[in-house]
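These notes concern the structure reproduced below.
The values are calculated or read from the model by the stated rules, or taken from the named source; none is laboratory data. Predicted model only: the values in this text are computed from it and were never measured. So basically every Cβ, Gly included, is an ideal-geometry build from the backbone, and we count neighbours across all protein chains shown.
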Amino acid sequence: MRDIYADIIEAARKATAEFDKTAELLEYPEVQADKAYYLSILSRFNAQKSLIDKLSELECALREQDEARLLLKEAKSADEKDALYGEISTAERAAKKAAGALADALGRRHVTERAYCRFKFGARGSKFGAPLYAGIKAYLLACGAKIENEKITETKDGGGTDMSFFAEGEDVLAKLMPLTGAHKVFCAHAKSEDLCIAATPCAEEEPISDKDIKIDLFHSSGAGGQNVNKVETAVRVTHIPTGTVVVCQDERSQLKNKQRAVETLKKRMKDARAATEKERMEADIAAQFRKKNTPISFDLDDMTMTDARLKAYARAAFPLEDIAAYINGLCALC
């Protein structure tokens, strides 16, 4: 994940390389004597200081990710792993938010990111959940995001629905996060019901570096042939960080065995990472569904929605007339 932000970090460091000299200039009597010049130096100082603070936030979030991943390798219990998955997801979101703020300060575009979004609600909550899901999806599409792998699943008894999709685009996670949580659907003379919304960042696919691969050659075993047992045609490929080993000796050509072994190793590593990432995302989604501290509630009797964070939507008729204004207001607030 760190490599994704390498260009932004480098640009910020270059932009703040003269910070110490700028700070020294402010102390010079001749600079202080020239008010216009002093104000221009002060403006430069404040801009550089702001960049340094934003850079520090990004680097701190990246360090927290690295530390949590190291602890995850040693974790044994399921509860410990779930807690670390939560820490990794929180740090990833903090890094993306810090990177976006840093990119803005540097005059760049916002961060393009990929997120997994999931809705879960019961029979009564479907009157709010289904249109809210459709509205949020339409909003993301209108913002230029790409929606993939959309799934809608109903429970066997028809009492609940699970809806999900992957979204990729500019600041999609920042747009989704203010909506997450286990919200309440109220109905007279009936127990309240949860309407759950969750979103989690998707890790970028990291290519296998050549420096992490070790290749050994040896004589093939089995029946003799043109090259078998005569030339070192068999290939053993080892992924050093994980110890994953792939052996290929089916081909008579050393080059073909090497190509097949490397391809097999990359596929095996990709599948392993995908499984680990799926486990992390589901753990983060489950943790968000368990939260009960979000201020959004829905009233089934008069079909209204209340969000205590925004005055404009303190008690709004549902479905919302302008869901874009609602989400943009939450993004600005959060």
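Tabulated data
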quantity: Strands (runs of 3 or more DSSP E) (entirely within region 146-210) containing at least 1 residues that are exposed (fewer than 15 other Cβ atoms within 10 Å of the Cβ), among the basic types (Lys, Arg) and in the same structural domain as Arg124 (by TED's automatic domain parsing); calculated: 146-154, 190-201
quantity: When residues of region 276-334 are limited to those that are of a type in the set (Lys, Arg) and under 28 Å from Lys191 (Cα atoms), the one surrounded by the fewest Cβ atoms within 10 Å (Cβ to Cβ); calculated: Lys311
quantity: Which listed residue, of Ala17, Ala12, Ala94, Ala6, is in a helix (DSSP H, G or I) and modelled with pLDDT of 85 or more; calculated: Ala94
quantity: Qualifying residue in region 294-301 (condition: among the aromatic types (Phe, Trp, Tyr), in contact (Cβ under 8 Å) with a residue 60 or more places away in the chain and in a loop (DSSP other than H, G, I, E, B)); calculated: no
quantity: Leu140 being at pLDDT 80 or above, in contact with a helix residue (DSSP H, G or I) (Cβ under 7 Å, 6 or more places away or on another chain) and either within 24 Å of Ala95 (Cα to Cα) or outside any strand (DSSP E or B) (or both); calculated: yes
quantity: Residue in region 277-286 that is in contact with an Asp or Glu (Cβ under 6 Å, 6 or more places away or on another chain), assigned to a helix (DSSP H, G or I) and of a type outside the set (Lys, Arg) present; calculated: yes
quantity: Selection within region 48-79 - more than 22 Å from Ala94 (Cβ to Cβ) and surrounded by 15 or more Cβ atoms within 10 Å (Cβ to Cβ); calculated: Gln48
